[in-house]
Each structure stands twice: as C-alpha cells, then as structure tokens.
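A.B. asks: Pasting in a structure now, in structure tokens, and then I'll have a few things to ask.
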Amino acid sequence: MFGNAVKLAAEEVRATLAGVAAGMLGARAEEIELAEGSAFVRGDRGRSLALAAVAGEASARGLGLAGSGWFRAPRTTWDHETGKGDAYFTYVYGANVAEVEVDTLTGRVEVTRVTAVHDVGRAINPAAVRSQVYGGVAMGAGYALLEEYASRGGVPLQENLDEYLLLTAMDMPEVAVGLVEGNDPAGPWGAKSIGEPAVEIVAPAIANAIFHATGRRVDALPASLERVLLGRALDEVSPPAGGRPEGAGGLTIPLGDQEGAT
Amino acid sequence: MRGIAYCRGGNVEEALELKARYGRDAAFLAGGTDLVPALRRRAPGQLPSVVCDIAGIGALRGVADEGGGLLVGPLTTHAAIAADPLVLRRAPLLAQAASLVGSCQVRAMGTIGGNVCNASPCADTLPALLACDALFALRSPRGGRTLPAGDFLRAPYETALAPDELLAGIRVGCLPPGGGSGFVKLGRRSACSISRMSVAVVLRRGEGGRIAEARVAAGAVAPVPVRFVRVEALLAGSEMSPALRGEAGAALAREMIAASGVRWSTPYKEPVVAALLGRALEEAWGRAGGAP
C-alpha cells in the first residue's frame, strides 16, 4: 500500500521534470517521456536530455523535486460473530520447500536448500524481489532453528546478538527463488507485497523437513539441538507451559475480560 | 568502560613490572576478544581498573620447534596457529581446535594465551592442549615455573596464575609416531558459535591393531576442560571397534555426570557426549592409520 503512495508522490515529481524538459526541448509536457536516465520527446529519441541536466535546470529555477502522495487502503469488512467478510483486499500465495540434514546423534539441523516460490503480483524490480526472498529465508531459517528469547522476572536474558543467535553466512542454505507474476489491481503497477510472505512460511517448511527426516514432529520453535534430539526443550529458565517463571513472585496478571477468562 | 586506565608493556619485563605494580587490579590485554566484551558487560566492582596491553610483544608471538615439542607463544592468534605448517604437521589437533574458534574475525584477533587464561569451561583450544600434554610456562618478577595444563585450570574462569604472573609460553607435545588425533566441536550454528560440547582425542596405534595409548579431553562437560583418565585407561590396550567406541562414550558420559552432577542439561549431554567421543575416536584412529 505504501507503494501506491510512493507512486502518487513520484508522479508529482515526474510532472515537474516533464514540464522543465518540455521547455528545454521545445515540446509540450504531454509529449515528454522519462526513461533510462533521460528525458525525450515521444517518437523522437534524437530530442533527448540527460535526466541529470533536467534536474539541474529544475534546481536552477528553484523548482523542488519533491512530491507527496497518500493512499487509503480499500475498505475491508470482517464480522467476528460469523467469521465472514472481505477481510483483505488482496491475498498473497507462496510455497516453500526446505531440504535439511539432521544429525540424529546430536539433533543438529542443517538446512541445505530452500526453494521459495511466491506470487508477487508484478515484479517491478525482479532482482530486488529476489533479494527480499533471500533475506526472508535467512530470517525464517533463524526463526526455525536458533532465535530464542527468554526472560526471567520480566528481565530479558538475551541482551545482544552474541546470545540471541541468528544464522551466519556459514549457515545459509542455497536458496532458489521462483517469482510467479500477475497483475494485482490493488497494488502499484500490479505489485503485491513480499517482505512478510517471504519470512513466514520458511519455518513451517523446515519443521516439516525435520519431521520427514526423523519421523518425529518438532512442535515448538526454535528446533534447537535439544528439541530435535529429545523432543522437548531443556531450558533452565523457561517455565513449563502455563507456569510462571521463577522469581516472578506471587504476581498474577488479571486476564481482563478476554473470552474464556473466568 | 569508563574509568579504566590503559598502559602498554613493550617487552616481557615491562609487562611483568606493570602487573606487579597493579596486581589484581590489572588485566593483560592480548587480542581483546574476551576482555573487551567483559569490560563492557561486567559490573563496575568486578572490573579491572587497569588494562595492560601486551599485544605488541613480539617475543610472545609465533611457533618454534623445540625438538620434543612445539613452543607456542601465547600471543599467537588462532588464525596463525590454524595455518602454521609446524602445528599442522606436529600437533594437528591444536590447529584443528584453533580453526574452530569463534569466527574468522575472532580467530584473526584472539590469541591462544587469551583463550587459555580466560579459562572458559567451553574454550575450544583447552581440550586440545590437554590432550597434547601441554605445559604452561609462567613468569613473574619472582622467577618462572611450569604447570601442566590440568593443574593450570582451577575453576571456571579461574587459573593458577598469581596476580604478578604472565603466561609466557605454551609447550605442546607432538603427535607420537603412529599417532592420530581428532577434534569434534558441537555448536548451535556453523560460525560464531560457543561450544555446546567439544571432545579432543589423541590415539597411538600399537601392534596388532590395538590402541597403545589414548588421551581424551573434553570441554563444556565439567567445570573446566579436563582429561578423562578412566576413559583413557579403558581404551588403552583395547582393539578399536564400534563396540569399544560405545563403551568409551558411555564411560565418558558417566565421568561427566560424576564431575558435574545431574544438571538441567544432562538428559541432552549424556547421550551426545558419548556420540561426540565416538566420532573423535573414529577420526583419530583413521588418521593414525588404523582400520575402522
């Protein structure tokens, strides 16, 4: 949605540049096209200026090359009682295949390859979209295997990245990206989002791959050495499910009027 | 890190003089990969008030052949040890352990002396040094003394170093003829990883496919890295086999529990340390030229 606002803002800048270029080239603003770093008269590539020259002229004339745009997302509806409605104005689809090697004597999991295919609408900059997916796989695999946040009495136990472990370059799997393009009516030039979708389905794919390799489900993340080998976490600080952390004293937090609270 | 004084020892004598002057208030700075994060993290009362930089003392850096063994300068970096032709040929176990410390950046800065003196229970070079029968040469204005690696380590992060002493050299025993070594490190990820456990093994092949001599040390299984002499005794004189590796693994797990008690991590570490020893034995035996 942000992309739509950016597009509208950029169109303002484009109009300013086209007006300046038209004056410099002796044409009408509607005839000016901006492409590949230059401004030119449509149908006559010979009448062309470097975009930098046009920007310099705009600056000399005191014209700001800034624009603003705002975009309101299409209305959605959601009925909590019936669970029906148009909850989202667009949907993204994706599929990931993770390949892992599990050391069955230590519980160590190595992700060897991830194939990530995403429905991205129009890939305006395919290299940037693929980069988003590579980053998403790194983040999702860290979420699957390493990232763990614990606290004791409300005090975080991981204070820095030496304790809150992320994947290193040495742990990154080979990543094969597939982009399935379409034209989304709600996105800028038909683009959908890819940041979040690229992250979200990595860990489930890895967890399924571990199951496929070992025959045993890991039902909590991260799939640490202990969880994979023993089927349970061995944490000296985490309370058992539903319990209270040590040191929390007798403090109880009222659940308020949430559903099911008694 | 505010309020910490900095001084530099240009040679061993200067460094000893500075340490004698400031005693327990001073900490030697070598690669800084343990000390600097500790200075950032520790409570003010636990901080050294003086940092004595010894990183520039060339006499404490490098590897020399001493005939019966190698003399490793404490300021030799992990990267230098991992790539040193003498170490790779005569004490490959130490090169292997050094190559697995931290990350590329940590290995380029961190020194073996720092790793030894920090005395972390999970230090990667310590099990290797123990299995190489390393001796630590200590110096102070009062003179010098030599301690076996096992006597040097007192408790987690605590060594036998007196407040005025400096680790001046590490004598590393060479791999005997017919010998092979193996090192297995288990971490949660492939780099920048603190050892969950590590096992170092030196084996010497005797006549008739028997193990003539075994040295076994492990990290992160006891308060300090230690040799497991009962496991060594079980291996010595026996024929290598999967069953023997299994027995040795079970014995190591028993010894670990005897040393550390049953802890929250024991259900994991008990089977895994046995498996790691099995792998280290296999690696060492293969390198000693033994049949599997």
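The values are calculated or read from the model by the stated rules, or taken from the named source; none is laboratory data. None of the values given here were measured: they were computed from a predicted structure. Note that we place each Cβ from the backbone using ideal geometry, even for glycine, and neighbour counts take in every protein chain shown.
A.B. asks: Pick out the one residue from B:A162, B:A191, B:A137 that is within 14 Å of another protein chain (Cβ to nearest Cβ), more than 16 Å from B:V224 (Cα to Cα) and either surrounded by fewer than 17 Cβ atoms within 10 Å (Cβ to Cβ) or at pLDDT below 95 (or both).
C.D. replies: Only one candidate passes the filter, namely B:A191.
A.B. asks: Would you pick out the residues in segment B:56-92 that are part of a strand (DSSP E or B), among the small types (G, A, S) and touching a residue at least 60 places away in the same chain (Cβ under 8 Å)?
C.D. replies: Hit for segment B:56-92 is B:G69, nothing else.
A.B. asks: Any residue at all in segment A:70-82 that's touching a residue at least 24 places away in the same chain (Cβ under 8 Å), within 30 Å of B:L186 (Cβ to Cβ), more than 17 Å from the chain's Cα centre (by Cα) and in a loop (DSSP other than H, G, I, E, B)?
C.D. replies: no
A.B. asks: Count, please, the residues in segment A:99-135 that happen to be under 25 Å from A:E226 (Cα atoms) and away from chain B (no Cβ under 13 Å).
C.D. replies: Residues that pass the stated criteria total 5.
A.B. asks: Looking for something more than 12 Å from the chain's Cα centre (by Cα), within 14 Å of another protein chain (Cβ to nearest Cβ) and buried (at least 22 other Cβ atoms within 10 Å of the Cβ) - is there at least one such residue anywhere in segment B:173-183?
C.D. replies: No, that holds for no residue.
A.B. asks: Check A:T252, A:T214 and return the single one that is more than 14 Å from chain B (Cβ to nearest Cβ) and modelled with pLDDT under 95.
C.D. replies: The match here is A:T252.
A.B. asks: Considering only segment B:249-279, how many residues are away from chain A (no Cβ under 14 Å) and in contact with a Ser or Thr (Cβ under 9 Å, 6 or more places away or on another chain)?
C.D. replies: The qualifying residues number 2.
A.B. asks: Let me ask another. Identify the residue in segment A:158-184 that is assigned to a helix (DSSP H, G or I) and surrounded by fewer than 13 Cβ atoms within 10 Å (Cβ to Cβ) and, among all such residues, is farthest from the other protein chains (Cβ to nearest Cβ).
C.D. replies: A:A169
A.B. asks: I'm checking my understanding of the structure. Among residues of segment A:50-102 that are among the acidic types (D, E) and surrounded by fewer than 16 Cβ atoms within 10 Å (Cβ to Cβ), which one is nearest to B:M197 (Cα to Cα)?
C.D. replies: Among those that are among the acidic types (D, E) and surrounded by fewer than 16 Cβ atoms within 10 Å (Cβ to Cβ), it is A:E101.
A.B. asks: Considering only residues that are within 14 Å of chain A (Cβ to nearest Cβ) and surrounded by fewer than 21 Cβ atoms within 10 Å (Cβ to Cβ), which ones fall in segment B:219-248?
C.D. replies: Hits for segment B:219-248 are B:P242, B:G246.
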